[in-house]
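Undergrad: Pasting a structure here, questions to come.
The values are calculated or read from the model by the stated rules, or taken from the named source; none is laboratory data. Given the structure is predicted, the values throughout are model-derived calculations rather than measurements. Cβ sites come from the backbone with ideal geometry, for glycine too, and all protein chains shown count toward neighbours. Just the protein is used for accessible areas: all its heavy atoms, side chains included, with ligands, DNA and RNA removed. Shrake-Rupley method; radii C 1.70, N 1.55, O 1.52, S 1.80 Å.
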Amino acid sequence: MDIPKSYDPHIVEKKWYKFWQENNYFYADANSDKKTFSIVIPPPNVTGSLHMGHALNNTLQDILIRFKRMQGYNTLWLPGTDHAGIATQNVVEKQLRQEGLKRHDLGREKFIQRVWEWKRQYGDLIIEQLKRLGASCDWSRTRFTMDEGLSKAVREVFVSLYQQGFIYQDYYIVNWCPGCQTALADIEVVYRVINGHLDYIKYPGDNDQAIIVATTRPETMLGDTAVAVNPDDKRYKHLIGKEVILPILGRRLKVIGDNFVTPEFGTGAVKVTPAHDPNDFEIGKRHSLQQINILNPDATMNENASHYQGLDRYECRKRLVEDLKAQELLVKRQEYSYSVGHCYRCDTIIEPYLSQQWFVRMKELAKPAIEAVQSGRTEFIPKNWEKTYFEWMENIKDWCISRQIWWGHQIPVWYCQKCKATLVEREDPTKCLKCGSNELIQDQDVLDTWFSSALWPFSTLGYPEKTKDLSTFYPTSVLSTGFDIIFFWVARMMMMGLKFMGNVPFKQVYIHALIRDAEGQKMSKSRGNVIDPLEVIDKYGTDALRFTLAIMAVQGRDILLSEERIEGYRHFCNKLWNAGRLILTNLEDYVQNSEFGIQNSKILSLADKWILSRLNQVIEKVTEGIDSYRFNESAQILYDFIWHEYCDWYLELIKPELGGQRRKITQQLLIDTYEAILRLLHPFMPFITEELWEKLPVHKTTNSIMVTPWLTFNPDQIDLDSIKDMDLIKEIVVSIRTIRSEMKIPPQVKFKTLIIKSKPFAPLEENIVYVTLLTHTAEVIFDLDATRPFGAAVIIVKGVDIYVPLAEVVDLGKEEERLSKELSKVEKELNLLEAKLSNEDFITRAPVEVVDKEKEKLESYISKRDKLVMSLKYYFH
């Protein structure tokens, strides 16, 4: 059989992905009568490029889909991308700036056309990258959050929620980005610690009753409308209801009592700026305070800032502090580090900002979504994430859904310029429904990107139309995602799915791990520790990356990834390839004969029975592991079985039989077992398994391994006695090999005789050829009355004494001298390490990682010493 000496993933991957697509193997048939298994992809941003988070999540989803497809399910993995309002608008605006233009120079209509052009040219890049990862999505169903069908769903949901009183418009404090000039969702704000100042400012009062407040944002005092203290604070209790004077502007402010104020923090008195702080906004509502906005949308000061009007917020801060100093109202200024929100896109420091926005009332929508998880209709895996879900949902606030940008779903609200009526419609109105005027202006805001994403599980399947896809594949089977968007996306999908479909959007939510570097640090460009999955694929192949991610995906534990780990699993690909090459190059005279197959137990050797028994145990465990999202356990079981049992043991044991009378039997067993291994591995490593499976001369009812049936656990093929017997033989062989290694005896040097002393043990005697073959021993003598010969090492394995004649193959005197010298060196190093680690000064002063490294060295030397002591004891005395 023709097979190259080495595996070239790049040729194989292109060939097979094209083949799978051309043969429609990813297609889901809505008219099929098979059981369904469906997943909607967490839609990546159209601006995005594949990163390790994408690689992990989509690898795990693909494992599930390929596994279920092989189990006979009608599988749908529905792909698509998110329009990513702010991110995409920023990308196109950056292009315009390079041309010396702003979006306002084009106007809204032409700017949106420009964004669509960009999307058509660059927006599907990540889709092509997902294909390189091997993602078996049904690409014929690819959706985009702004395509025609999804836009219709968005409008239907908005209008329905508005008509039912869930959507309203109001003034509220939002995260405002002066750079993007839009409100941001909480998730779009990145908090970082900055170095600034804490300014203590005196607010004069009548009869010298001044109050000192501390602030990091002194410029916002221009919008102050009160000073608040805790009503139980004895220092200020007598001032409640009285007035102080706002410095610089001279506005009189009432002193109010509010339990929000913590007496122990700062001076115990806080300035209240309802238009520029979310907590102050709430205080202002409770006390009916005026809301004074002092900022323009670009963070320059407006007319309410008096003579500071037109200044940038930070220039205003600088001048204001100087003016306070001049008036002796700045009591003190101290350096202070504190956390400040930045825009996740343009990195501008955000401003809490009072503005008119659209909101969704959430508490009533949240109740059935909470109940659905409590009752088990939707299950979180790992289960501990349910607590996070409940905490967020039970403390839910109304959702600000409007954004002040142009790219996105424009809010379907129109304002009549003649009679001032507000129209909320499913179709664009041509005239006012109240007065008949055609002077209508649509609301300029667009919806938060998460609004359309919240509808993803059913909008992608055809909602609001009653499609066959919707009735077949909704609710979906599982959602795989990260913990950071449980509230922002998972919870909102739950609420919208229950509201508009009357059912949960997914039965299970699998929360995958976070990928960090080998030191446990979060990957970031600034740290220079990012591992690019596309570069890794180019270097090691897709299968090596996928298997690495799967085997490291332990539930509830972050993945500490290094390129060395990926390289290690590239070696696993080579091991699998070489095993296939060994098998295929020994099939030149092969003729398929069912008589020699797995089912004929009469012709099976101990090694055959053992490998078939272990294979069935592996089938059971791998199936259980994938079904319960323990991907790492399934991958580890496969890795250990293939490398350490099938390749290292079984293939070595059957090599002599390929040249003997059992050649045809062995050929068939090799094909049957190797083909089973390829099927089990396929969901994890689709490309190499397809390439090797295609070369195997097995009876094929399909043209691809991806649509061959998954293996079924067969307890009748488990022979526990063969496993027990083979374990004994393996342990004996390993023990003898250990002696060879420790005594530096080359593999080609044969032991003349092994003496085995035990109670009668027929299976060992019947299969002693395995021991002689793998330990390079000429003869084995079974002697119940044997005594240990001079110069023989003794091994005791499960009640069996084995004497290994060292005197026949090594100079015992020289070996004893060598081992004694080595023991002396090790003990010297041990003494030094023990002295260092008993030094209290070293333990307290040295970095933790240095101390840990020394402790690891100590453990290593203790292990070496113990082995040397044991060798000297058992080999020479």
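Undergrad: Can we say F500 is within 26 Å of H54 (Cα to Cα) and out of contact with any Lys or Arg (no Cβ under 8 Å at 6 or more places or on another chain)?
TA: When the stated conditions are applied, F500 does not pass them.
Undergrad: When residues of the range 9-24 are filtered for being open to solvent by 30 Å² or more (accessible area, probe 1.4 Å) and of a type in the set (A, V, I, L, M, F, W, C), how many remain?
TA: Final tally of qualifying residues: 2.
This table checks each residue for (1) of a type in the set (K, R); (2) open to solvent by less than 10 Å² (accessible area, probe 1.4 Å).
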| position | (1), (2) |
| --- | --- |
| Y200 | no, no |
| Y203 | no, yes |
| E219 | no, yes |
| I248 | no, no |
| R252 | yes, no |
| A275 | no, yes |
| D280 | no, no |
| G284 | no, yes |
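Undergrad: Does the range 25-48 contain any residue that is touching a residue at least 40 places away in the same chain (Cβ under 8 Å), within 21 Å of the chain's Cα centre (by Cα) and open to solvent by 60 Å² or more (accessible area, probe 1.4 Å)?
TA: Among the residues of the range 25-48, not one is touching a residue at least 40 places away in the same chain (Cβ under 8 Å), within 21 Å of the chain's Cα centre (by Cα) and open to solvent by 60 Å² or more (accessible area, probe 1.4 Å), which makes the answer no.
Undergrad: When you scan the range 9-20, do you find a residue that is closer than 25 Å to L479 by Cα, modelled with pLDDT of 95 or more and more than 25 Å from the chain's Cα centre (by Cα), even just one?
TA: Checking the range 9-20: at least one residue is closer than 25 Å to L479 by Cα, modelled with pLDDT of 95 or more and more than 25 Å from the chain's Cα centre (by Cα).
Undergrad: Find all pairs meeting these conditions: Cβ atoms under 9 angstrom apart; at least six residues apart or on different chains; first residue within the range 765-787 and closer than 23 Å to P746 by Cβ; second residue loosely packed, with under 12 Cβ neighbours inside 10 Å and at pLDDT 90 or above.
TA: Within 9 Å, no pair qualifies.
Undergrad: Still on this structure: Scan the range 487-494 and tell me whether some residue there is surrounded by 16 or more Cβ atoms within 10 Å (Cβ to Cβ), modelled with pLDDT under 90 and at negative phi. Walk me through how you get there before you give the answer.
TA: Pass one, the range 487-494, residues surrounded by 16 or more Cβ atoms within 10 Å (Cβ to Cβ): 487-494.
Filter once more, keeping what is modelled with pLDDT under 90: 487-488.
Among the residues that remain, those that are also at negative phi are: 487-488.
Among the residues of the range 487-494, at least one is surrounded by 16 or more Cβ atoms within 10 Å (Cβ to Cβ), modelled with pLDDT under 90 and at negative phi, which makes the answer yes.
Undergrad: Between Q356, Q410, Q327, which is polar (S, T, N, Q) and buried (at least 17 other Cβ atoms within 10 Å of the Cβ)?
TA: Q410
Undergrad: Quick one: which residue in E633, E694 is modelled with pLDDT of 95 or more, open to solvent by 10 Å² or more (accessible area, probe 1.4 Å), in contact with a Gly (Cβ under 6 Å, 6 or more places away or on another chain) and not aliphatic (A, V, I, L, M)?
TA: Testing whether each residue is modelled with pLDDT of 95 or more, open to solvent by 10 Å² or more (accessible area, probe 1.4 Å), in contact with a Gly (Cβ under 6 Å, 6 or more places away or on another chain) and not aliphatic (A, V, I, L, M) leaves just E633.
Undergrad: Mind checking whether some residue in the range 738-746 is in contact with a strand residue (DSSP E or B) (Cβ under 6 Å, 6 or more places away or on another chain), in a helix (DSSP H, G or I) and surrounded by 14 or more Cβ atoms within 10 Å (Cβ to Cβ)?
TA: Yes, the range 738-746 contains at least one residue that is in contact with a strand residue (DSSP E or B) (Cβ under 6 Å, 6 or more places away or on another chain), in a helix (DSSP H, G or I) and surrounded by 14 or more Cβ atoms within 10 Å (Cβ to Cβ).
Undergrad: A further question follows. Can you pull out the helices (runs of 4 or more DSSP H) entirely within the range 604-716 that have at least 2 residues that are more than 30 Å from V771 (Cα to Cα)?
TA: 606-627, 631-639, 663-681, 686-695
Undergrad: Scan the range 176-198 and give yes if some residue there is polar (S, T, N, Q), under 18 Å from G284 (Cβ atoms) and open to solvent by less than 20 Å² (accessible area, probe 1.4 Å), otherwise no.
TA: no
Undergrad: Right, here's the next one. Would you point out the residue of the range 438-472, among those that are assigned to a helix (DSSP H, G or I) and charged (D, E, K, R), that is least open to solvent (accessible area, probe 1.4 Å)?
TA: Among them, the one singled out is D469.
Undergrad: Take the residues in the range 528-563 that are surrounded by fewer than 19 Cβ atoms within 10 Å (Cβ to Cβ) and polar (S, T, N, Q); name whichever of them is nearest to E691 (Cα to Cα).
TA: The qualifying residue nearest to E691 (Cα to Cα) is S562.
Undergrad: Within the range 828-877, which residues are among the small types (G, A, S) and open to solvent by less than 70 Å² (accessible area, probe 1.4 Å)?
TA: Within the range 828-877, A835, A846, S860, S863, S871 qualify.
Undergrad: For the range 425-446, name all the residues that are within 18 Å of L161 (Cα to Cα) and not hydrophobic (A, V, I, L, M, F, W, C).
TA: Scanning the range 425-446 gives E425, R426, E427, D428, D443, D445.
Undergrad: Considering the range 487-529 alone, what residues qualify as being free of Cβ contacts under 8 Å to residues at least 60 places away in the same chain, among the small types (G, A, S) and touching an Asp or Glu at 6+ places or on another chain (Cβ under 9 Å)?
TA: A518, G520 - these are the residues of the range 487-529 that are free of Cβ contacts under 8 Å to residues at least 60 places away in the same chain, among the small types (G, A, S) and touching an Asp or Glu at 6+ places or on another chain (Cβ under 9 Å).
Undergrad: Spot the failing condition for D232; the list is (1) surrounded by 15 or more Cβ atoms within 10 Å (Cβ to Cβ); (2) within 23 Å of P274 (Cα to Cα), and only one is missed.
TA: Checking D232 against (1) surrounded by 15 or more Cβ atoms within 10 Å (Cβ to Cβ); (2) within 23 Å of P274 (Cα to Cα), the one that fails is (1).
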